[in-house]
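Please read the structure below before turning to the comments.
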Amino acid sequence: MGTPKELRILYENIDLPGMYTLEVYQQHGGYKSLEKLFEIEPDALIEMVKESGLRGRGGAGFSTGLKWSFVPKDVEPKYLCANADESEPGTFSNRYILQQKPHMLIEGIIIACWALGIHTAYVYVRGEFTLGKKRLDAAIAEAYQAGLLGKNIRGTGFDLDVYTHPGAGAYICGEETGLIESLEGKRGQPRNKPPFPAVQGLFMKPTVVQNVETLSNLPFIVQNGVEWYKNLGTIYKDTPRGVDPMNTGTKLYCVSGHVERPGVYEVEMGLTVRELIEMAGGVRGGRQVKAVIPGGSSAPVLTPYELDVPCDFTCLQMNKTMLGSGGVIVMDETVNTVEALLNLMEFYAHESCGQCTPCRNGTPWVRDITRRIFEGRGKPGDVDHLIEVANMIADVDAFTWNTICVFGIAVAWPAVSFARKFRPEFEAHIREGRPVVLPVEEAVTPPEENYAWPQTIPEAVRRPTWDY
Ligand SMILES: Cc1cc2nc3c(=O)[nH]c(=O)nc-3n(C[C@H](O)[C@H](O)[C@H](O)COP(=O)(O)O)c2cc1C
Ligand code: SF4
């Protein structure tokens with residue numbers, strides 16, 4: 001099969017000068033999908049997207065077409081919210097689309113709105129993305145001028161308005177109902193579900209919230225067809241009940257941390273963690289890998305024993321972690337895993353919105369136990385205590401949470417996985433009463449005691465070929 005190669009589809013020509021303008025975007029095939037779009041019946045388009053296997057790139061990996069099929073047809077108005085909050089640590093691919101190819105997002109928004117009969121769309125942009133928002137606003141203005149947005153688009157009778165809305169820098173405003181509350185002008189505090197936004201969302205009307213990368217896939221599906229799309233990525237046979245076998249398309253993997261060439265790599269879904277690290281130039285200075293977070297900071301950490309797991313929705317789920325936002329954070333042998341967890345827990349304790357007691361009180365509690373272990377003030381039994389408190393926020397093995405939103409599980413997953421998988425290093429801090437960085441072989445819990453072991457990789461119907 002040879003060495004895996006990048007396959008740029010969304011990121012094709014992304015670095016061309018002026019790619020953020022309508023002129024350059026159209027010179028390179030931009031808005032071509034609209035030539036076909038208005039000939040496709042909305043219901044047929046929903047079926048196409050379902051059939052393509054496209055799954056949400058924002059974290060949950062839910063089937064996009066299936067979500068669209070839940071939207072009631074007879075309720076007006078309906079809304080689309082493009083989620084450009086991108087605040088998951090380790091994730092930075094949406095930001096570059098806003099800055100360099102904002103028209104691709106607009107094209108995707110037009111497609112989603114046509115399919116769903118939506119006439120108003122909002123793009124919720126993370127407040128810190130000032131350049132991205134400026135370029136997106138300019139692109140929206142160009143699209144209105146060119147008759148691609150506004151009234152009677154291309155003489156079809158279809159109207160669509162798009163507005164941007166800056167966030168104020170809260171991680172929880174990336175959660176879809178927190179985003180909706182914030183868009184309504186309230187504090188960004190998640191809502192209880194059900195009802196799900198597809199039925200009752202913005203201003204209590206049916207609302208589809210969709211990630212920037214997810215929407216950016218749509219022009220290519222419309223233009224090239226479902227079969228073309230399904231020929232990219234990995235599809236598995238015989239997955240257990242409840243595990244979706246579809247991993248079609250490419251994925252924008254954000255590889256960061258201790259690799260030689262950190263950055264966004266667009267490849268067919270299904271590369272292993274090891275292959276992704278190689279693609280990013282390997283671990284810096286030829287050092288050993290100690291830990292890898294495969295899907296943004298909320299995803300359970302992987303040990304060096306787990307690097308041959310394909311980085312796709314199905315396999316990572318079956319190996320008790322997740323693809324999440326595609327933020328692959330690589331840590332080499334110099335890393336103190338207790339300090340790494342402390343860093344994450346400081347973040348989560350700061351970002352809890354405070355509505356639910358287990359999250360509001362439990363997250364700082366987990367942080368404080370981690371801190372005292374790191375600082376050498378840990379007591380015997382603290383590692384179990386840490387795991388117990390985290391599991392009270394969300395039970396990671398049962399995959400249940402005692403909170404309104406899944407922020408609770410986003411806290412418990414890294415906490416429990418770090419403490420279980422790097423227990424020897426945590427215990428060494430307590431024993432020695434000071435920060436200790438153990439060699440990799442000694443720091444990791446033996447694989448047979450590892451809760452994600454043995455690895456499960458189902459048989460595939462199709463895998464990436466690199467034959468291009
Ligand atoms: C705490 C938290 C933060 C989230 N942050 C983001 C985010 O920044 N961007 C995003 O697209 N989805 C984020 N999500 C996922 C959204 O709730 C939602 O599932 C997603 O935007 C749906 O779009 P998709 O189906 O295209 O992925 C977050 C979820 C949680 C629980
Ligand atoms: S789990 Fe945390 S972030 Fe989510 S609603 Fe409850 S307190 Fe807020």
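Nothing in this text is a laboratory measurement; each read-out follows from the coordinates by a stated rule. Remember, it's a predicted structure, so these values are computed and weren't measured experimentally. Virtual Cβ from ideal backbone geometry, glycine too; neighbours counted across all protein chains shown.
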Could you tell me how far the Cα centroid of the stretch 274-298 sits from the Cα centroid of the stretch 128-144, in Å?
33 Å
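What net charge do the residues around Leu438 carry, taking every other residue with its C-beta under 14 Å from that of Leu438, with Lys and Arg at +1 and Asp and Glu at -1? Working shown, then result.
Values: positive: Lys290, Lys421, Arg423, Arg431, Arg434; negative: Asp332, Glu333, Glu339, Glu425, Glu427, Glu432, Glu441, Glu442.
So the surrounding residues net to -3.
Arrange the following residues from fewest to most other Cβ atoms within 10 Å of their Cβ: His429, His119.
On the way: His429 27, His119 16.
Ordered from fewest to most neighbouring Cβ atoms within 10 Å, His429, His119 come out as His119, His429.
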Exposure-ranked with fewest Cβ neighbours within 10 Å first, Leu438, Leu344 stand as Leu438, Leu344
Modelled label reach - Glu448, point 7 Å along Cα→Cβ, the stretch 392-435 residues with backbone N closer than 13 Å
none
How far is helix 130-145 tilted off the main Cα axis of the chain, in degrees rounded to 10, range 0 to 90?
20 degrees
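Relative contact order, percent, of the chain when contacts are C-alpha pairs under 8 Å separated by at least 6 residues? Mind dumping the intermediate values first?
Numbers: 977 pairs, mean separation 73.9, N = 468.
So the answer I get is 16 percent.
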Which angle from 0 to 90°, rounded to the nearest 10, does the C-alpha axis of helix 42-52 make with the longest principal axis of the chain?
30 degrees
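Based on the Cβ-Cβ distance from Arg434 to Arg360, what FRET efficiency comes out when R0 is 35 Å, to the nearest 0.05?
E(calc), rounded to 0.05, equals 0.65.
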FRET efficiency for His350 and Glu6, using Cβ-Cβ distance with R0 set to 41 Å, rounded to 0.05
0.70
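Add +1 for every Lys or Arg and -1 for every Asp or Glu among the other residues with Cβ under 11 Å from the Cβ of His258, and state the total.
0
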Longest principal axis of the chain (C-alpha) makes with the long axis of helix 337-351 (C-alpha) an angle, in degrees to the nearest 10, of 50 degrees
Considering only the other residues whose Cβ falls under 9 Å of the Cβ of Gly53, what net charge follows from Lys and Arg at +1 and Asp and Glu at -1?
+1
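Restricting to DSSP H runs of at least four residues, report the calculated mean residue ellipticity at 222 nm for the chain, -39500 (n - 2.57) per run over all residues, nearest 500 deg cm²/dmol.
Values: 18 runs with 179 residues, N = 468.
Dividing the helical sum by the residues of the chain leaves -11000 deg cm²/dmol.
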Proximal lysines to Lys251, defined as alpha-carbon separation beneath 16 angstrom and excluding residues fewer than eight positions away on the same chain
Lys5, Lys230
Which parts of the stretch 188-229 would a label at Asp74 reach, counting a residue when its backbone N lies under 18 Å from a point 7 Å out along Cα-to-Cβ?
199-200, 205-207
Once both label points are put 7 Å beyond Cα along the C-beta direction, the Lys32-Asn231 separation in nm becomes 1.5 nm
Alpha carbon centroid spacing (whole Å) that separates the stretch 1-72 from the stretch 364-436
40 Å
Each label sits 7 Å from Cα toward the beta-carbon; between Asp308 and Arg287 the label points are separated, in nm, by 2.6 nm
Within the stretch 76-101, list the residues whose amide N lies under 14 Å from a label point set 7 Å along Cα→Cβ of Asn343.
89-91
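Counting DSSP beta bridges in the chain, what percent are antiparallel, to the nearest 5?
Numbers: 22 of 43 bridges.
In the chain, approximately 50 percent of DSSP beta bridges are antiparallel ones.
Round to the nearest 0.05 the FRET efficiency obtained for His165 and Ala138 when R0 = 22 Å and r is the Cβ-Cβ distance. Mind dumping the intermediate values first?
Values: r = 16 Å, r/R0 = 0.74.
FRET efficiency, His165 to Ala138: 0.85.
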